[in-house]
Amino acid sequence: MRKNEYISRPIIGAIAAIIGLVLLAVAMAASISLGAADVGFKTVWQAVFAFDPTLTEHQIIQELRIPRSVAAALVGACLAISGAIMQGMTRNPLASPSILGLTDGSTLAIAIAFAFIPGISFLQTMFMSFAGAGVAAALVFSIVFLAKGQLSPVKLALAGVAIGALLDSLATGIAIHFQVAQHVSFWYAGGVAGTNWTQIQFLVPVFLLGLFLSLFIARSITVLSLGDEVAVGLGQRTFFVRIVAILAVLLLTGAAVSVAGAVGFVGLIIPHVTRFLVGVDYRVVLPCSAVFGALLLVLADIGSRMVNPPFETPIGAITALVGVPFFLYLARRDRRGL
């Protein structure tokens with residue numbers, strides 16, 4: 001019975017991924033079609049497969065709406081994979097890039113870049129975002145090593161929230177003092193409006209590298225999620241696995257924040273939903289999380305345009321509407337950590 005159940009998990013994962021990809025394609029088509037001026041699906045099809053540069057609608061679709069939809073999907077996938085890795089690596093159901101302060105670290109680094117590097121390029125912004133996420137991760141995990149006794153999931157989450165609040169306050173102070181608040185405000189709100197193909201060209205290689213690293217250690221993350229003693233007993237090099245995992249998380253989170261700003265809770269919600277559907281084998285969890293994360297953020301981007309048209313609501317507010325209750329539910333369920 002257990003053997004059949006084990007064999008069925010990859011099949012369930014494949015079915016879930018296929019369904020998710022179909023829904024993602026439909027959601028992206030809807031995302032491209034909807035906007036300040038709605039465009040029919042027929043026009044979208046023609047703009048993609050029979051582009052006419054003399055038509056304004058085709059130009060809008062090719063230069064604005066398709067990059068925006070692709071960016072939303074890639075950012076959602078990045079954040080979902082990061083959250084899944086962090087939860088498996090730390091055995092913490094509350095771990096995610098936003099909860100543990102990584103997105104706030106990236107935002108602080110971007111604020112510093114705008115204040116001290118005039119005319120900064122997008123590639124430089126991305127590197128600063130990587131560095132900020134790394135500093136935030138170092139600060140949060142140093143608390144784990146310096147604390148007396150083992151930190152529970154809730155206490156680790158509280159440490160991440162505290163560090164995140166500190167970094168966010170520093171970013172706000174720097175933005176106001178150096179009069180770059182208007183430039184930094186986009187990263188506070190979160191969103192993919194105005195994304196262009198140049199940003200996508202930088203985002204895609206980083207995403208593929210982060211995905212490759214995560215899949216490379218997927219089996220080890222599965223074993224590591226059972227506990228360090230079990231992992232060592234099974235011959236896993238836990239230190240090496242954690243280094244690769246942290247590198248993948250920094251790449252994916254830094255790239256996501258550099259494009260879309262501080263979008264929270266995607267990395268918290270999606271891994272839980274994915275494990276509920278396909279089990280705990282991270283060789284299945286990670287690719288399925290990428291698909292579901294992409295779907296969630298594309299839908300959130302559509303919602304950001306539909307809440308108060310013709311104005312746009314920040315994507316971070318849309319994801320928080322779902323993420324905050326989910327976070328409270330997880331915190332309440334893990335009463336031992338209080």
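The values are calculated or read from the model by the stated rules, or taken from the named source; none is laboratory data. Predicted model, so just to flag it, every value in this text is computed and none were measured. Cβ coordinates were reconstructed from backbone atoms using ideal geometry, including for glycine residues, and neighbour counts include every protein chain displayed.
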Looking at segment 41-91, which of the residues that are modelled with pLDDT of 90 or more and of a type in the set (Ser, Thr, Tyr) is surrounded by the fewest Cβ atoms within 10 Å (Cβ to Cβ)?
-> Ser69
When you go through (1) acidic (Asp, Glu); (2) in a loop (DSSP other than H, G, I, E, B); (3) over 25 Å from Ala72 (Cβ atoms) one by one for Glu229, which number turns out not to apply?
-> (2)
Within segment 166-198, of all residues that are outside any helix (DSSP H, G or I), among the hydrophobic types (A, V, I, L, M, F, W, C) and farther than 27 Å from Gln59 by Cβ, the one nearest to the chain's Cα centre (by Cα) is Val180
Could we say that Gly134 is in a helix (DSSP H, G or I), under 24 Å from Thr319 (Cβ atoms) and modelled with pLDDT of 85 or more here?
-> yes
Out of curiosity, is Arg283 out of contact with any Lys or Arg (no Cβ under 8 Å at 6 or more places or on another chain), among the charged types (D, E, K, R) and assigned to a helix (DSSP H, G or I)?
-> no
Scope segment 94-117; condition without any contact (Cβ under 8 Å) to a residue 40 or more places away in the chain and in a loop (DSSP other than H, G, I, E, B); matching residues | Ile117
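Quick grid of which residues meet (1) closer than 19 Å to Gly132 by Cα; (2) touching a residue at least 24 places away in the same chain (Cβ under 8 Å); (3) within 13 Å of the chain's Cα centre (by Cα); (4) buried (at least 24 other Cβ atoms within 10 Å of the Cβ):
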site: Thr253; (1), (2), (3), (4): yes, yes, yes, yes
site: Val273; (1), (2), (3), (4): no, no, no, no
site: Gly279; (1), (2), (3), (4): no, yes, no, no
site: Arg283; (1), (2), (3), (4): no, yes, no, no
site: Val298; (1), (2), (3), (4): no, yes, yes, yes
Do the conditions hold for Leu296, that is, is it part of a helix (DSSP H, G or I) and either at pLDDT 90 or above or closer than 13 Å to Cys78 by Cα (or both)?
-> yes
Which ones in segment 191-249 are surrounded by fewer than 19 Cβ atoms within 10 Å (Cβ to Cβ) and of a type in the set (Phe, Trp, Tyr)?
-> Trp197, Phe202, Phe212, Phe216, Phe239, Phe240
Restricting segment 1-40 to residues that are surrounded by fewer than 15 Cβ atoms within 10 Å (Cβ to Cβ) and under 27 Å from Phe311 (Cβ atoms), the one modelled with the highest pLDDT turns out to be Val26
